[in-house]
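Structure, as structure tokens:
The values are calculated or read from the model by the stated rules, or taken from the named source; none is laboratory data. On a predicted model such as this, the values are computed, not experimentally measured, just so you know. In this analysis, Cβ positions are derived from the backbone assuming ideal geometry, glycine residues included, and neighbour counts consider all displayed protein chains.
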Amino acid sequence: MTKILLLEDEDEKAEAIIGVINKYIDIDDVEIDRVVSFSKFTAILSISRFDLVILDLMVPMRDGDVPFDITDHVIELIRASNLNAKAAYVAITQHDDLVVARSRELAGLGIATVEYSDGAHWIPALEVSLQRAFRFQEHDFVIICGLPLERQVLQSTKAEIGKLFFRNGLNCLEIDIEKHTGVAVVLPRMGLVEASIATDKAIETFRPKLVLIVGICAAFEGRAKLGDILIGSPVWEHQAGKWFGNEFTLEMYQEPIPDRLDTIIKQEIERSNHFKDIKEDLKSLNDPEFFESKAMVAPMVSGSAVIASKDMAAMIAEAHKRVLGLDMEMFGVYRAAKRSVDHVDFFGVKVAVDYANEHKEDRYQRHGAIVASRVAVQLIPLILAQDGQTLK
């Protein structure tokens, strides 16, 4: 959903602008908030996030007042805005003197300035801004899923599920958790490379504060139990290193989750008694012992190949005496998030549904994926809360 804020006090001009928007973006894919005074514009811009802001430079301070030049106020407001710092801005005004006098200054803030008239010369400039807003929509979080099942089970959480859509080559699903907007992306295929590419694209497209990977994994037998909830940290790629003859030397490039997230997650594990409540309704559907497992922040490894060999698992486990889980994507997600230009927090939740040996089975996959998704949905609002907020 593309969210647009329109500041325009003249009805005829507002209708013309909205008409262009509705021709460019399907009416079901756009949400337009129109205000007619600068005071209301300031209020809504401070509490709601928008992908595109369209404004006139001559509007009243309050409804019914005489219009005045708000350019200086707009410049100050945008410079101070964190919530809408990444929105696209375009000023469409009938006052050509303002366009001439202030366009360079506004351009320095990334605000396009267009002279409005009864003709159509202003429309292409608006369409360029619409294209950018439609392609790059800001969301609070992105969930990466290696399997379709891992996204499907989000319907078994308290999250509000929206519609499927396709953006920049990504298979996306709208998902809201409390007041936070997000996107769940399913990879085209499993593996580290696909996870890294999709995460990088998702960060560029949706500009989230938080990226996480959610789903199922294998456990190292004797170290973790089936049903254990593993928040990977640190995570590394078990395939990175050097083969010399029959000997393999691992190059352990580790990625831990940020310290702030580590603290929040460990506190929530303690507070929730290992997320006990979110598993109660599942105990009658499968082996109850599977749901009596523990949650922990623990070392994990990733690799693009499925490990169904006890000997190979033992070799991987030798690299770290406390490594508990093995998956195919987590390190790729972490690495892409860590290397992103914008500061993006990241973590992963995986539930162990089998062991890294020859005895693979799928009886725990669905319920393990449900538990992982519920844990993620419980953690996301806590992590996105402001620093210093008390955890209840």
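Does region 46-64 contain at least one residue that is polar (S, T, N, Q) and at pLDDT below 90? Yes, region 46-64 has at least one match.
Of all residues in region 343-368, those satisfying the criterion of being modelled with pLDDT of 85 or more and within 20 Å of THR199 (Cα to Cα) are VAL344, ASP345, PHE346, PHE347, GLY348, VAL349, LYS350.
Residues that are buried (at least 17 other Cβ atoms within 10 Å of the Cβ) and touching a helix residue (DSSP H, G or I) at 6+ places or on another chain (Cβ under 8 Å) were ranked within region 153-174; the one that is nearest to ARG374 (Cα to Cα) is THR157. Checked against (1) surrounded by fewer than 17 Cβ atoms within 10 Å (Cβ to Cβ); (2) among the hydrophobic types (A, V, I, L, M, F, W, C); (3) modelled with pLDDT of 90 or more, LEU192 meets all criteria but (1). Would you confirm, using the coordinates I've provided, whether THR181 is part of a strand (DSSP E or B), β-branched (Val, Ile, Thr) and either within 19 Å of ILE54 (Cα to Cα) or assigned by TED's automatic domain parsing to the domain that holds GLY19 (or both)? Here the answer is no, as THR181 does not meet what is asked. Annotation: ALA101 fulfils all but one of (1) modelled with pLDDT under 80; (2) over 30 Å from SER196 (Cα atoms); (3) in contact with a strand residue (DSSP E or B) (Cβ under 6 Å, 6 or more places away or on another chain); (4) small (Gly, Ala, Ser); the unmet one is (3).
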